[in-house]
Amino acid sequence: MLKNRFILILIVATLLLPLFGSLLSYYTDWLFFVETGFVTVFTTTLYAKAAVGLFFAGLFFVFLFINLTVARRAEFPRIGVYVVGGTGLRVTSEDIQRLVKPVATLISSILALFAGNWGALRWEEALLFINRVDVGTSDPVIGADIGFYLFTLPFLELLQAFALFVLVAATVVSGAVYVVRGGIILTEQRASVDEKVRRHLAVLIGVSACIMAAGFYLDSFRLLFSQNGSFYGAGYVDVSTRLLTYRILTFMTPVAGAMLAAGIWKGAWRAVLLPAAAVVALYVGGLRIYPGLIQKFKVAPNELALETPYIENNIKFTRFGYDLDKIETVPFDVDTKLSAADIATNDATIRNIRLWDHAPLLKTYSQLQQIRTYYKFFDVDNDRYTVNGQYSQVMLSPRELSYADLPSKNWINERLIFTHGNGITFGPVSRISKEGLPEFFVKDIPPVSLADIKVTRPEIYFGELSNNYVIVKTKVPEFSYPTATGNINTTYAGTGGVPIDSLLKKVLFAAAFKTEKILLSSDITSESRIIYNRNISERIRIIAPFLRFDSDPYMVVDERGGLRWIVDAYTYSDRLPYSKPLRGGINYMRNSVKVVVDAYTGSVSFYISDPNDVLAKVYARMFPDLFKPMTAMPDDMRRHVRYPHQFLQIQAAMFAAYHMSDPKVFYNKENLWEIPVLGEKPMEPYYTIMKLPGEKMEEYILLLPFTPSKRDNLAAWLTARCDGDNYGKIRAYTFPRDRLIYGPKQIDARINQDSFISQQLSLWNQRGSEVIRGSLLVIPIEKSLLYVQPLFLAADKAGLPELKRVIVAFGDQVVMEENLELALQRLFGGKKAASATVVAVAGTASADVKATPAMLAKEAMSIYEKAITLQRQGNWSGYGEELRRLEQVLKRMAQ
């Protein structure tokens with residue numbers, strides 16, 4: 001008896017524990033949404049899940065229960081006794097009759113629960129359908145509004161799939177009941193089916209025919225997502241043959257189903273085969289055989305003529321899907337007439353050429369500014385600020401707490417003491433110290449500002465490396481930062497987190513985070529707060545799971561000295577007709593939302609940056625309290641909104657082909673572009689500050705070059721503007737096709753072929769140092785192009801990267817100098833250039849003295865001997881300097 005009770009308790013516990021876990025998860029989520037101020041988002045989602053789940057569960061239960069009731073009440077000749085397997089257990093037909101109803105009810109309920117859970121997961125499709133809007137653009141084949149494909153078609157497909165599943169489940173379960181009750185008798189020779197079973201089956205087949213007809217109807221819309229050889233979307237064969245076949249099948253299938261059901265009802269089995277065979281024949285012939293013949297004998301010989309209107313559809317809707325229509329194409333008549341005066345005029349552009357690459361700078365920041373091993377710089381972000389009155393491009397990296405590197409790992413350290421990161425490292429993109437190291441505007445702990453950018457709230461409780469929860473305002477002081485004399489502690493003064501002000505909350509949070517320490521700790525008081533969902537990507541994804549978030553959040557210093565994260569968010573769909581999909585199926589995408597997260601309080605704000613996006617409009621109708629207009633964003637945040645480089649890379653990949661708006665040019669790929677590849681990776685968009693052609697002021701932009709397909713010369717450069725009212729405007733500057741403009745790969749080859757540069761690189765590498773070649777940047781200035789590449793030197797792979805040289809290429813010239821200013825002086829001359837040349841070449845000699853060939857030969861020999869001495873001493877830097885001096889003397893001798 002006790003054993004049976006124990007088993008019963010175990011079964012009940014097994015069933016209730018998942019339910020308790022779900023309720024606990026909902027409760028902690030609700031507290032989180034209360035904390036962030038988005039309770040209506042939580043309740044809307046919860047109600048939608050419950051309503052959709054109940055809807056599907058109810059339909060499933062009713063339909064299945066009706067079918068099981070019909071199967072249970074049908075009268076069949078009774079078989080006296082059943083013998084179960086080899087057990088010898090004897091069951092009478094009366095026993096079976098008594099068991100059928102409760103078992104049928106139980107089966108219906110269990111399957112309905114699964115159906116309800118499945119339906120609850122489809123809450124988003126239901127809300128999109130309920131809140132749908134028209135786009136105002138119709139597809140060119142069927143004439144349905146694009147909103148139908150984005151919002152209605154997915155929900156109709158959901159209903160059709162559910163109906164088919166319910167029908168199959170009802171057929172299988174009803175068949176099982178009929179077998180048990182004797183309506184279907186299976187023997188080795190044949191299967192005997194009772195008339196009542198046959199009529200029930202006839203009704204189910206008739207219903208299935210209607211569901212199949214609905215599927216054919218929806219398939220006619222899905223034709224617009226077909227993949228053809230040279231373009232995406234329905235082509236000539238699809239529209240002229242398959243579309244007609246689907247429409248015929250939509251009407252023919254219910255008729256055939258009715259005839260099939262009537263034949264089964266009457267037991268006329270021969271008549272059953274004819275309508276089914278007709279549908280199958282039409283399906284195979286109209287969707288497979290006939291289209292194949294038309295494609296081979298009519299379309300293939302005349303493909304361009306017949307497919308031209310459908311290629312136009314593909315171009316139009318792909319450009320719409322990735323917002324390429326807003327790209328303005330501007331001719332850029334490049335020349336090589338750049339002068340020293342032009343360089344001086346574009347001083348702001350020159351000052352903001354990014355020399356510090358992300359990867360070397362991250363290593364350098366980590367070694368110079370990490371301070372302690374438990375701090376970590378996870379990423380380096382690029383932004384722009386007005387620093388000491390100058391509009392400057394900067395590199396910024398938050399100093400986060402790395403819990404994996406704590407010296408002593410225990411619950412108190414990880415949850416109560418080490419609760420946050422501290423401060424940022426912040427500096428210009430191009431300035432270099434004498435040692436080849438970056439300069440700083442903000443550095444150290446606590447933050448030391450060397451400019452007018454002040455950080456007054458440096459604590460980072462919410463970041464990219466934060467653990468899942470910490471508890472603040474406890475009896476244990478929080479660690480703030482180390483000093484030479486000891487550690488400085490702090491107490492959290494923000495509004496983030498959930499108060500642990502009752503024993504019930506302690507119990508629930510202990511269960512939620514699977515630790516009894518929350519319940520038993522004496523350090524937790526009624527004033528304590530538990531801060532969870534601290535990873536910013538996870539935090540915003542919980543609030544808005546229907547958005548896709550950029551993988552590169554970036555930190556901003558606001559006017560009050562606080563730290564905030566900005567994250568780009570995207571609306572997306574895979575249901576835009578004729579639009580070419582990305583890998584994964586997405587063929588509609590907009591950067592419609594900007595998310596701001598306070599690094600101290602964890603407060604989250606969602607701003608709609610593209611109010612014309614139809615998906616953003618529908619989501620705003622679904623969650624009216626979630627989104628704010630862009631005008632509501634504080635000015636100090638709006639100044640740091642930037643066009644996301646990942647989105648521009650996607651747009652550029654599409655624009656490489658879809659800038660060709662002429663279907664004939666597109667079909668022949670006459671002007672196909674591609675993103676340049678250096679090494680094994682394609683170039684990525686990069687931010688810079690420059691004056692665009694025709695503009696009067698420098699601005700912060702995102703830039704990416706194009707080359708012709710399978711060629712290395714430049715074809716165009718794409719730029720996305722980021723400042724003020726120009727935010728989001730994109731231009732494509734196209735180069736003349738009648739002459740050669742060097743591309744990145746060609747410039748890279750010229751750098752490799754330069755004897756002085758290659759010799760220097762070889763010498764550095766021979767001594768075990770690692771030479772790191774930075775990103776090769778294309779910088780448009782006036783009507784010319786300047787190529788800039790930094791060179792970093794590290795003692796080994798783990799060494800401190802130092803920026804030792806800058807390579808600059810212009811036209812046919814390539815130079816390498818210690819910094820950008822010297823390189824530009826060598827290329828474009830000027831007073832500074834003349835002075836530098838005299839010092840490097842002639843030493844104490846005057847620039848006005850006319851040296852004889854004998855004097856130059858003697859000087860060259862002296863420099864050579866000094867270089868050999870430095871080489872033997874292992875002074876490779878000095879050796880390189882002497883080689884450069886020798887080069888200048890030899891050039892003078894050759895004049």
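The values are calculated or read from the model by the stated rules, or taken from the named source; none is laboratory data. The structure displayed is predicted, hence computed values, not measured ones. Glycine gets a Cβ as well: all are built from the backbone with ideal geometry, and neighbour counts include every protein chain shown. When the accessible area is computed, the model is the full protein with side chains, heavy atoms only, and any ligands, DNA or RNA have been set aside. Shrake-Rupley method; radii C 1.70, N 1.55, O 1.52, S 1.80 Å.
Structure values in brief
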item	result
Nonlocal amide H pairs with S528, under 5 Å, H built at 1.01 Å	I500
Per-residue SASA entry for Y236, accessible area with 1.4 Å probe, Å² rounded to 10	40
Computed FRET value (nearest 0.05) for N410 with I66, which takes r as the C-beta separation and R₀ as 60 Å	0.50
Correct option for Rg and Dmax of the Cα atoms in Å [calculated from the coordinates] among (1) 29.6, 102; (2) 28.1, 86; (3) 36.1, 128	(3)
Summed side-chain charge close to N535 - residues other than N535 whose Cβ falls under 10 Å, Lys, Arg +1, Asp, Glu -1	+1
Value of relative contact order over the chain, rounded to a whole percent, pairs C-alpha under 8 Å and six or more apart	10
Other-chain or far-sequence residues with amide H under 5 Å of T137's (modelled H)	I146, G147
Difference of contour (0.36 nm per residue) and Cα-Cα distance, T631 to R372	89.1 nm
Region 636-725 shape via C-alpha gyration tensor axes, a/c threshold 1.5	prolate
Probe 1.4 Å, accessible area per residue of region 600-680, Å²	42
Nitroxide proxy distance, nm - points 7 Å out along Cα→Cβ at A857 and D29	8.8
Length gained when the stretch Q766-A278 is fully extended (0.36 nm per residue, less Cα-Cα span)	167.8 nm
Potential lengthening between T491 and E439 on full extension [0.36 nm per residue; Cα-Cα distance subtracted]	15.5 nm
Accessible surface of Y178 - all protein chains present, 1.4 Å probe, nearest 10 Å²	10
Distance violations [Cα-Cα > 20 Å] among K434/K804; K298/K580; K376/K409; K691/K783; K664/K729; K745/K797	K298/K580; K664/K729; K745/K797
Rounded to whole Hz, the Karplus (6.51, -1.76, 1.60) HN-Hα couplings of region 28-40, x for glycine and proline	5, 5, 4, 4, 5, 5, 5, 4, 7, x, 10, 4, 5
Inter-centroid distance (Cα atoms) of region 770-785 relative to region 204-221, Å	60
Accessible-area value, D134, 1.4 Å probe, nucleic acids and ligands omitted, Å²	120
Pairwise FRET efficiency - T308 versus K266, Cβ, R0 = 41 Å, nearest 0.05	0.15
Gap separating the Cα centres of region 630-653 and region 14-73, nearest whole Å	38
HN-Hα J in Hz across region 776-784 - Karplus 6.51, -1.76, 1.60, θ = phi - 60°, x for Gly and Pro	8, 9, 9, 10, x, 10, 6, 10, 10
Approximate spin-label separation I289-A51, in nm, with each point projected 7 Å along Cα-to-Cβ	5.0
Heavy-atom accessible area ranking, 1.4 Å probe, most first, across L54, L99, L763, L519	L54, L99, L519, L763
